[in-house]
Each structure stands twice: as structure tokens, then as C-alpha cells.
1. Counting pairs of alpha carbon atoms under 8 Å apart in space and at least six apart in sequence, what relative contact order in percent does the range 221-336 give?
2. Could you give the dipole magnitude of the range 252-391 about its Cα centre, charging the beta-carbon of Lys and Arg +1 and that of Asp and Glu -1, in debye to the nearest 20?
3. Please calculate the 1.4 Å probe accessible area of residue 116, with all protein chains present, and give it to the nearest 10 Å².
4. Quick check for you: with a 1.4 Å probe and neighbouring chains kept, what is the accessible area per residue of the range 110-196, in Å²?
5. State, as an integer percentage, the relative contact order of the range 189-245 based on alpha-carbon contacts under 8 Å between residues 6 or more apart.
6. Listed highest first by mean packing, meaning other Cβ atoms within 10 Å per residue, what order do 333-342, 283-292, 94-103 come in?
7. Using Cα centres only, tell me the gap between the range 145-178 and the range 266-319 in whole Å.
8. Kindly work out what percent of the DSSP beta bridges joining two residues of the range 146-288 are antiparallel, to the nearest 5.
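The values are calculated or read from the model by the stated rules, or taken from the named source; none is laboratory data. Note that the coordinates shown come from a computational prediction; the quantities given were computed from them, not determined experimentally. As a convention, Cβ positions derive from the backbone with ideal geometry for all residues, glycine included, and neighbour counts pool all protein chains shown. Only protein heavy atoms, including side chains, enter the accessible area calculation; ligands, DNA and RNA are left aside. Shrake-Rupley method; radii C 1.70, N 1.55, O 1.52, S 1.80 Å.
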Amino acid sequence: MFRAPTVALVSFSLSCLAAAASQAAPVDPVAACFAPGTPAWRVQQVEAFVDDQTGLVSPFQGLPGTRWSQTATDGGGLGQGDPTVLTWSYIPDGTTIPGGVVPGEPTGPSNLRAWLNGIYSDFDTWHALFVRIFDRWSELTGISYVYEPNDDGAAFASGGAAGQLGVRGDLRIGAHFIDGSPAGGSVLGYNFFPNNGDMVLDSADTFFNNTGNDSLGMRNTLAHEHGHGLGMSHVCPINQTKLMEPFLALAFDGPQHDDILGGQRGYGDVDEANDTSGTATDLGGTGVVLTDRSIDDNADVDWYRFPGAAGEVITVRVEPIGLTYLNGPQNQNGSCTPGTPFNSLAQNDLSFQLRAANGTTVLANVDDGIVGENEVLLNFSLPSSGNFFVRVAGVQNAAQLYDLSVLGSGTVFADGFESGNTSAWSATVP
């Protein structure tokens, strides 16, 4: 079952309105973000300038074509659910950032490094914030991030230069004056959609001077903006439960359930390379519980390998994760739709097989539950000693988060197992 995220006691929020290029806007799709209290006339002005039709509403259900299709490391041909390597870099101070992405923004040089050095005193301190954001997305998806210390200052932002190993990142980060901190609210920054991903922050906005709560304001802004850089648009309604809501709440830290589901629909889970027995995730033994894995479509399979002894009694459990919540797109004028019920627990009907060391002999086929129900192989006696495989699959073209547990004869759930609380198991002496 879904586990509620830890909630920080902060009520401050940002309004971040996604937008795609129109005739007056840049060539590449972009998302602009507003500070709290931004007046309606400013929001409407920006919305009249751009068109909210580009990003894919999280969780990427059934809408291909907005994720990265090529990167400097992977080359081309990337598609939905493929693991992806993204490099990232900071553009040099002085690099020109074109204006006009949002109304009234002037062209001007980036001053990202000097600006953040002024707030955090040194490069290492603020650089660590960016690293943490990319590390978190990497922990939750099939994306690997590599910091590229070089950036040649090539053309930036809309229509800018693509990533090149040793030269510049796939996604590049800069800052300059966008509109400062006018009374009533302001544009905090914007981010381009794939295959661009470049991010621009407003270095003249005093919002970022607040480093309280471990710089949660900066970190959630970066995490939200990079969500657009992965291809995700905003999701409604506004109830402070999802990172990609139009109002970026600071009531939590980083990507939440809906955001994780969206990221894994686009890029798979952290073990996404385990599509064959030869690349199976090594569990190292029994007594293992893995969380937040997924089958991202009807062609995806996940393989896990573990050693066992002849006569050992094991229990294998695949538990779908999810809940029912409202989910819908943002309107073109910046307002939010009420959304419709979305059941993330029942997106893909999962099943699994226990296979022998050769990877082909099926020892058990488990497909007893309907979509949204657990699949359990209870008290199975291994026929021999050696390596065994668990192969998880689904039948629907949708992403389904799940937990996997492989427990030996000396392992039981603290709740007696049957309640489904896979996070609450403990080893006992046989």
C-alpha cells in the first residue's frame, strides 16, 4: 500500500505555470515559475504570451514523445521506459542568456556562480544542493546523472547547443535578471523541455535568499523545474501532495508518489537495466525487501537473482503500491482543473515467475490476483542449491509501482505477513 511522505511544517508555496512555445515565444517548449502572491494580471500576461500544451501530465500515462530521445552519453533512439544518462553543467558567468522567454525579460549575462557564492559563501556549498536534487531523481528513476565540470559557454537556452561529453552538459544551468522581486510576486525561473532541459533562475529574486529548512525553497524549486526538464508538465488539483502541481508547495521535500510514478513511466526504475536474466538485479540472498520498483509498460520485465539452498523454504511477494487521488491537467489560462479520480494502485496487472538457475525453467508461475492485488508465492521449497530468479511482468501499457520481498524460512513479517505491510518484517530464529 502507499506510504505517505514525510511532511515538513512549512506552508509557503510557489506558483509554477507550464507553457509551450507559441508564435511569440521561444522555439523550444518552456515552463515559467511564479513566486507566491503573484498578481493575476502578471500570470495572465505570461499565459497570453505562451501556450500550455507541451509537457506531459504526470504520470506519463499513455502519452509518448516528451522524454529525452537522445543524450551525449546514450546517443539517439531512446524511448519510453529506457534508462538514460544525463550530463549537467553550469554555464560560465558572462554567457548570454536571451531575453523574452517571459514578457519583459531582458537579454543579459549569466551570473549564477557569483550570485550563489554570495548567498552560500562558496561553490561547494551550493553545488551540493544541485547534486542532491539530481541524486534524488536518480534514486527514484532509471536516470543516471553525471556532473560535467566543463561548459564552453556555447549558445544557451532555446535552440542552444546540445550536450557534448567533456564540453558541456545535456542540461545546462544559468541565472540572470528575469524580473527581480516586484511587489506582489515574480517569476522565479524557467526550464526547457527535452531534448533541451536548460534551466534559468532569477538571480535578482530575494526569494532564494531564504536558506531556512536546509534551503528547501531552492531545492524544491530545482526539483520541480527539472521535472519539466524530464518532460513532465503540471498536474492538478492544487492540494500540496505532488511536486509537479502548479503551486510548488513546500509542505514536503522533493518528488512525491505521483512524481515518482511519472518519472518511472518515462525512464523506468532505479534497476531498469534488469530486463534479462543476464542483467538481473542481485539480491544477495533472501530476507530482502525492495521498494518503489515498477513495471513501466506491457513490454517491461524485471529480473532479480538470489542464491538459495536445497530444501530452503521461501516466500516471494509482489505488492502493487498506490492509492486513488485526483489527477488532471492545468488550463491554458493558468487555472487548475478539478481532476478526475486516478487509481495508481491498479494501473498494471502484475505477475511473476520463479525460475531456475538457467533462467528458462519455470518453477512457479504466480498470477492469482487481479489488477491492484498482491501476488504471493507462499512457503515454496527450493528443489536444489544455486541461483534462482524472480521475473516480474505486467500486461497493461502503464506504469505500476510495486514492492518486492524475497524471504527465507527464517523470515516473517512482524504483522503476521497477511496485512500487506512489507515495510514491517523482521527476521526470527527458526
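1. Details: 128 pairs, mean separation 30.1, N = 116.
Worked out over the range 221-336, it gives 26 percent.
2. Values: 6 positive and 20 negative charges, 58 e Å.
With only Lys, Arg, Asp and Glu charged at Cβ, the dipole is about 280 debye.
3. Using a 1.4 Å probe on the heavy atoms, I get roughly 0 Å².
4. On the way: 3180 Å² over 87 residues.
In whole numbers, the range 110-196 has 37 Å² accessible per residue.
5. Details: 57 pairs, mean separation 19.9, N = 57.
For the range 189-245, the relative contact order is 35 percent.
6. The most tightly packed comes first, giving 94-103, 283-292, 333-342.
7. After rounding, the separation between the Cα centres reads 36 Å.
8. Values: 4 of 8 bridges.
Of the beta bridges lying entirely in the range 146-288, close to 50 percent run antiparallel.
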